[in-house]
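The values are calculated or read from the model by the stated rules, or taken from the named source; none is laboratory data. Computed from a predicted model, the values in this text were never measured in an experiment. Cβ atoms come from the backbone with ideal geometry, glycine included; neighbour counts cover every protein chain shown.
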Amino acid sequence: MGSDEGALVRLWREKRGEAEPEDLSGNLVVQLGAATENLNRAWYARNTGRRVTDVQRRVKHSAIPWMAATLDGIVEGTEAVFEAKFMLPWSFSEDAAAEKYMAQVQHNMWVTHLRSSVLSIITGGGKWVEITIPMDPLYLSMLVSAEKKFWRCVQSSETPHLINAEPPRPRIEAVRIVDMSASNSWAEFAALFRNTRNAFLDHERAKSELKALMPEDAREAIGHGVKARRSKSGAVSFDVLETEATRWPRPWPRRRPRSSIRKSRSRQSSAPAGRGTASAASAMRRSPAVSTSCARHWGSTRLPPYRRPPSIRPPAWSI
């Protein structure tokens, strides 16, 4: 469990007696946590009205002799495992704190056979936070399995390896009132919520009315671009049918009727020759590369009839 394999190997060597325990006297955060532990318990009792007992009590598991825990205390009345912590303010969040100490509090609950735990956290920014974490049976089963495997490695001299298991997200009690006026994302979606609320209410009202209009013995009802379908359990779902207007937003150009085509051809045939010559001249001015034959061709209003070329037979050779 965790992500620091070096710390796991170092703990394995300590349990085997091959290395001395790590000296934490120079770790300022650890020393601040030790120095504020009594203050933490007193502050917790002052804000919650519950006293903490069994301070620094060492407990062994009733069925596993090598499994033990040293408790910061037990909350009187609720019988919850108490853990006093100190965290730096710029890296603090309730989710991150619960994830960091999840394995420790679940282990302590397993050893003491208690069902809940409390994290009492003091930050360097002068803030105190209480987080309640219940026992998670699924995560606890993986944790105990990993601890048993680690102890087998201690006894067999086999080097342990990390086991990837994500800690569960704690169910944090909602007790705060937060002002979200400074959040741009909140402002964006709040405006979208206000603008679409009336449309949503109309949509829900239309669904209920359509359900009431659908006959009881009807499996499907179709009309005006809406399709209602009744499932075997009796639930009615709606779909929007694709219509011609939605399929082609820009309709195709309408074809001219044959009568108008005949009339335009007859007008072209009765037009004077000068109009065709003028149009050919203007076309030649627009495109100088047009040849004289093309100009003559444009000058004529109608194409000449197709004439089949004469067949050429090879001469008969006589020997």
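Only residues that are more than 27 Å from residue 5 (Cβ to Cβ), aliphatic (A, V, I, L, M) and in contact with a Phe, Trp or Tyr (Cβ under 8 Å, 6 or more places away or on another chain) were counted across the range 98-120, and they come to 1.
Here residue 64 fulfils each of the conditions (1) surrounded by 14 or more Cβ atoms within 10 Å (Cβ to Cβ); (2) in a helix (DSSP H, G or I) apart from (2). Pick from the range 78-110 the residues that are acidic (Asp, Glu), surrounded by fewer than 15 Cβ atoms within 10 Å (Cβ to Cβ) and on the phi < 0 side of the Ramachandran plot: which of them is farthest from the chain's Cα centre (by Cα)? Per the stated criteria, the residue is 94.
With respect to being closer than 30 Å to residue 145 by Cβ and surrounded by fewer than 11 Cβ atoms within 10 Å (Cβ to Cβ), residue 18 fits the description.
Cβ separations smaller than 8 Å between residues 6+ apart or across chains give no pair from the range 26-38 residues that are assigned by TED's automatic domain parsing to the domain that holds residue 83 and at positive phi to residues that are at pLDDT below 90 and surrounded by 13 or more Cβ atoms within 10 Å (Cβ to Cβ). Test residue 81 against the stated conditions and say whether it is of a type in the set (A, V, I, L, M), part of a helix (DSSP H, G or I) and in the same structural domain as residue 15 (by TED's automatic domain parsing). No, not satisfied.
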